[in-house]
Amino acid sequence: MTRSAMTFQTIIMKIYNTLTKQKEDFIPRHDQKVQMFVCGPTVYDYIHIGNARTFVVFDTLAKYLQYRNYNVEYIQNITDIDDKIIAKANSTGTDPMKIAKDFEEKFYQDMKNIGVNAVSRYAPASEYINEVVRQVKVLLDTGHAYVIDDDGYYFDLKTFPEYGRLSGRTVEMAEDGVSRIDENSNKRNRGDFCLWKFSPPAGGSGEPSWDTELGKGRPGWHIEDTAITERHFGPQYDLHGAGQDLMFPHHEAEIAQQESASGLKPFVKYWMHVGFLVNKEQKMSKSLGNFMTLNEALKNYSPEALRFYFLSAHYRSSLDFSVEILKQAEAAVSRIGEIKNRISFHGSSGKKATEKEEKELNMIYNQIFEAMDDDFNTPKAIGHFFEIIHRLNVLIDDGIDINQPQSLTSIINFFDSVFGIIPAKIEIDPKIDKLVKTREKSRQAKDFQEADKLRSQIESFGYQIDDTSYGPLVKKR
């Protein structure tokens, strides 16, 4: 049961465009080719799971676009030159480029471990110095940039009146002028941002620097992204994604830089922003100290459970963080694994589903893709997936041959290849599995005394059981 290329071509996916504040038909600039860029990490530490949510969302989006027969070129930058890296280097007496390289490798390993593998190219900023210099020179030649002696080159926001149209903020709003290396009392305008930072005098901080036509120094934070994308995509491309915290001022700065340098609009056709991960109603961030790193999370939860968790809320919505929610995600993945196992052991019986059953299954199947095509609604798609799981369990219990007339296992393969939420193998001792199922029947019958006895029995064998909205979660201690 797979959708044909012809079927997909007749259905236009809709994406909420942050720039226009509305859902729009997703029509790439060049037929079935999609050029996609997502802001990557600043490699001075392990990424937290709020960052990981963003990367999993866009990994899944890229895979879904590929499933819909698009040719996706997906680039993600690596910020390996930055104030935060330099500050850590100074505090630890370590070379900043070594810190960046070490955590860049740790980032790649974390992405591999959680199944993020749709990125076509990772682009470290330090490999694009020539492109940065070229773009700064263009901005200087066209009157969009100026120099502050003993500091660096800055973008003049008065030359770009449309600054703020993405986020709805203006140059005059508070905190416009504070963005990593952008503070200077000699700026022409409060929100002007640094394009190229001069190196400190000899004997300074020992920060990375490059000898260029602009002088010895390093790139500003915002310009690395436009230098990278202009080299690989040209001055305009299809889709830019990131967490919503980067909308202002980072993405506003990108738009101002690239549209001023090229004279072409729009710089990006579609902008997508992922909501915050919140811990007790606060945005999760390293500065607040209320975060868990992805590296830590992967030691306690399966990659499939973490991906399920990240995709269980709509990408534009905030996502609550708690241990209980992660347990529910683990239980949900366990239920998915159970149906996968049942299907693999379910032989051909010759007994066919009724026409009504087939029709209902096909309707739910189509609803999955309707949800995905409606602004990438992964939680709704997952909900329909669990409807199919329920119906498959009923069919198997009734002895129906689920491999006829069409393979229902294709939807399992879809959620495996695109969502990455299908566990490879679930190993539970058969006698424990039987006890768990008996206990669940007691709970449903509200015989809680018997259920408690069975819980104690299960725990005596060295297992832990937690009740979740997706059913019991059983783990070896």
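The values are calculated or read from the model by the stated rules, or taken from the named source; none is laboratory data. Worth saying up front: this structure is predicted, and the values here are computed from it rather than measured. When we count neighbours, we look across all protein chains shown, and the Cβ atoms used for this are built from the backbone with ideal geometry, even at glycine. The protein model used for the area step is the full one, side chains on, heavy atoms only, and it has no ligands, DNA or RNA in it. Shrake-Rupley method; radii C 1.70, N 1.55, O 1.52, S 1.80 Å.
Could you tell me whether the stretch 1-138 comes out rounded, prolate or oblate from its Cα gyration tensor? Rule is a ≥ b ≥ c as square roots of the eigenvalues, rounded for a/c under 1.5, then prolate if a/b exceeds b/c, otherwise oblate. Verdict is prolate for the stretch 1-138.
Ordering ASP95, ASP211, ASP83 by accessible surface, largest first, gives ASP211, ASP95, ASP83; the 1.4 Å probe counts only protein heavy atoms, with every chain in place.
From most to least packed by mean Cβ count within 10 Å, the peptides 294-303, 411-420 give 411-420, 294-303. Local charge for LYS380 was computed over the other residues whose Cβ lies under 9 Å away, with Lys and Arg +1 and Asp and Glu -1, and equals -2.
For the listed peptides 224-235, 105-116, a ranking on the average number of other beta carbons within 10 Å per residue, highest first, reads 224-235, 105-116. Computed on protein heavy atoms with a 1.4 Å probe, the accessible areas place THR212, THR20, THR378 in the order THR20, THR212, THR378, largest first. Computed from label points 7 Å out along Cα-Cβ, the spacing between VAL278 and ARG342 is 3.6 nm. To the nearest 0.05, how large is the calculated FRET efficiency for SER322 and LYS158 if R₀ is 41 Å and r is the Cβ-Cβ distance? My answer for the efficiency is 0.30. Heavy-atom accessible area with a 1.4 Å probe sorts ASP238, ASP397, largest first, into ASP397, ASP238.
A 1.4 Å probe, protein heavy atoms only, puts the accessible area of ARG29 near 90 Å².
Protection proxy ranking of 12-18, 452-458, 42-48, by the mean of other Cβ atoms within 10 Å over each peptide's residues and highest first, is 42-48, 12-18, 452-458. Calculated FRET efficiency, LYS33 to ASP95, Cβ-Cβ distance, R0 = 45 Å: about 0.65 to the nearest 0.05. Suppose R0 equals 45 Å; then what is the FRET efficiency for LYS21 and ALA424 from their Cβ-Cβ distance, rounded to the nearest 0.05? Given R0 = 45 Å and the Cβ-Cβ separation, E is 0.60.
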